[in-house]
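Written below as structure tokens is the structure these notes are about.
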Amino acid sequence: MNRVFGIGIIGTGAIALKHAQAISSLSNAKLLGLFNPNPTSAQKAQGNYSVPVISDWEKFSKIPGLDVVCICTPSGLHLDPALKAIEAGLHLFIEKPIEVTLRRADELIQSAEQKGVKLGVVFQNRFSPDFQMLNTAVKQGEFGKLLMGNAAVNWFRSAEYYSSSQWKGTLKGDGGGALINQAIHTLDLLLEVMGEVDSVFGKIKTALYPIEGEDLGAALVNFKSGAIGTITAGTSLFPGYPERLEIFGTEGSAILEAGKLVQWNVKGKESPIRTEGTVQTSGSSDPNAIGFELHAAQWRDFLGSIETGNLPEVDGLKSRKSLELIQGIYQSSKDEKLIRFPFEE
Ligand SMILES: NC(=O)c1ccc[n+]([C@@H]2O[C@H](COP(=O)([O-])OP(=O)(O)OC[C@H]3O[C@@H](n4cnc5c(N)ncnc54)[C@H](O)[C@@H]3O)[C@@H](O)[C@H]2O)c1
């Protein structure tokens with residue numbers, strides 16, 4: 001594992017900065033440059049970086065030694081730069097959600113596969129050690145047969161969060177609101193633990209803010225295993241509480257809050273969780289409150305998958321599952337009916 005990967009970042013906003021921090025913490029990755037097609041934005045961003053921020057695609061994509069690009073553009077603008085990067089033979093590490101519709105996600109996944117470039121999608125919360133412990137225990141049957149899985153992402157964003165952004169809360173740029181932008185992380189974890197969805201009944205609302213997408217949502221999920229589950233999500237729920245994932249099985253239950261296990265109760269067994277230690281940061285009320293360490297852990301996994309030829313923890317198809325669930329909830333709310341899976345837009 002001596003190879004050092006040359007990395008470029010596309011987009012120069014909030015999450016690009018976290019990726020730059022994550023990359024600089026890795027011994028096998030080197031940030032070579034960033035890309036923003038808008039010369040004024042590129043120039044403005046230059047102050048934050050010691051590597052060039054470039055507005056000419058040809059120049060950026062031909063940086064000597066560039067292996068991987070990290071796509072940090074607005075969610076509905078992932079596909080276009082991804083297709084250009086695929087054409088240039090670059091591996092792709094894309095921020096969540098992979099794209100805002102299943103059709104756009106599929107085009108991206110198929111194009112990457114055809115060209116033989118690696119595709120990873122950022123769901124950094126999978127790399128929380130406590131989530132990994134929970135997931136392993138579920139897969140080993142520690143909690144027995146799963147009965148119920150609940151995800152609650154009852155968050156708050158200020159009016160300024162939406163009014164100061166060109167794309168957040170818009171259908172084209174964000175694909176919706178609280179579910180597809182914020183709750184998707186916890187829905188990804190819910191699906192990883194609970195397995196395939198059989199059907200969903202959902203309700204979304206734009207309750208507080210003048211946005212196109214939802215700032216409130218709830219759903220009832222039937223899993224293929226026979227287990228049931230609930231989802232609640234919002235960016236209108238003051239003051240915003242740490243996101244929760246609750247798992248109940250025939251032998252016991254566990255609760256993960258902001259990436260930390262806060263409950264673990266299995267019949268006749270001692271709880272393995274530590275109550276001391278720092279509580280992981282949550283974006284419950286402040287989108288910038290997240291650290292870069294989990295991003296760095298996922299970078300390690302993704303670069304490792306390029307070296308070994310194995311699948312990364314989250315490839316395109318895995319990342320599509322939470323998007324499919326969210327699109328199913330949107331459709332259910334629109335049609336006021338139960339949606340069966342697999343769901344097609
Ligand atoms: N994993 C996480 O926890 C996390 C957190 C925040 C955001 N995100 C995701 O990261 C993405 C970006 O979010 P953000 O908060 O950084 O947004 P942002 O608005 O702060 O930044 C977006 C950047 O993209 C640039 N841009 C727009 N169109 C472009 C194009 N065609 N090519 C290159 N650059 C372009 C903008 O100038 C801006 O610099 C979104 O998909 C979002 O869902 C993930």
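Listing for the model above:
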quantity: Amide H contacts under 5 Å for residue 13, placed H, 5+ residues apart; calculated: none
quantity: Per-residue HN-Hα couplings for region 255-269 [Karplus 6.51, -1.76, 1.60; θ = phi - 60°; Hz; x = Gly/Pro]; calculated: 10, 10, 10, 6, x, 10, 6, 10, 9, 7, 10, 10, 3, x, 10
quantity: Nearest-ten-degree value, helix 184-194 long axis tilted from longest Cα axis of the chain; calculated: 50 degrees
quantity: Percentage relative contact order, the chain, counting C-alpha pairs under 8 Å, at least six apart; calculated: 19 percent
quantity: In Hz, Karplus ³J(HN,Hα) per residue of region 203-211 (6.51, -1.76, 1.60; θ = phi - 60°; x = Gly, Pro); calculated: 9, 10, 9, 9, 9, 10, 10, x, 10
quantity: Cβ charges +1 (Lys, Arg) and -1 (Asp, Glu), total dipole of region 87-233, debye; calculated: 120 debye
quantity: Relative packing of peptides 244-252, 59-67, 141-149 - highest average C-beta neighbours within 10 Å first; calculated: 244-252, 141-149, 59-67
quantity: Phi-based couplings in Hz for region 154-171 (Karplus 6.51, -1.76, 1.60; Gly and Pro marked x); calculated: 8, 10, 10, 10, 6, 4, 5, 3, 7, 5, 8, 10, 6, 10, 5, x, 8, 6
quantity: Charge tally in the Cβ shell below 15 Å around residue 15, where Lys, Arg are +1 and Asp, Glu are -1, residue 15 excluded; calculated: -1
quantity: Cut-off under 5 Å, modelled amide H: who pairs with residue 122 long-range; calculated: 94, 95, 96
quantity: Fraction of beta bridges assigned by DSSP in the chain that are antiparallel (%, nearest 5); calculated: 55 percent
quantity: Under 5 Å, built H, 5+ apart or other chain: amide partners of residue 198; calculated: 222, 223, 224
quantity: Alpha carbon centroid spacing (whole Å) that separates region 299-345 from region 252-275; calculated: 27 Å
quantity: Furthest towards positive pole of dipole, 98, 162, 54, structure part the chain, Cβ charges; calculated: 54
quantity: Net charge dipole size for region 86-158 [Lys, Arg +1 and Asp, Glu -1 on Cβ; Debye, nearest 20]; calculated: 140 debye
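Each reported figure results from applying straightforward, stated rules to the coordinates on display, with no laboratory input. Quantities reported herein were computed from a predicted structural model and do not represent experimental measurements. No Cβ is skipped: glycine too gets one built from the backbone with ideal geometry, and neighbour counts run over all protein chains shown.
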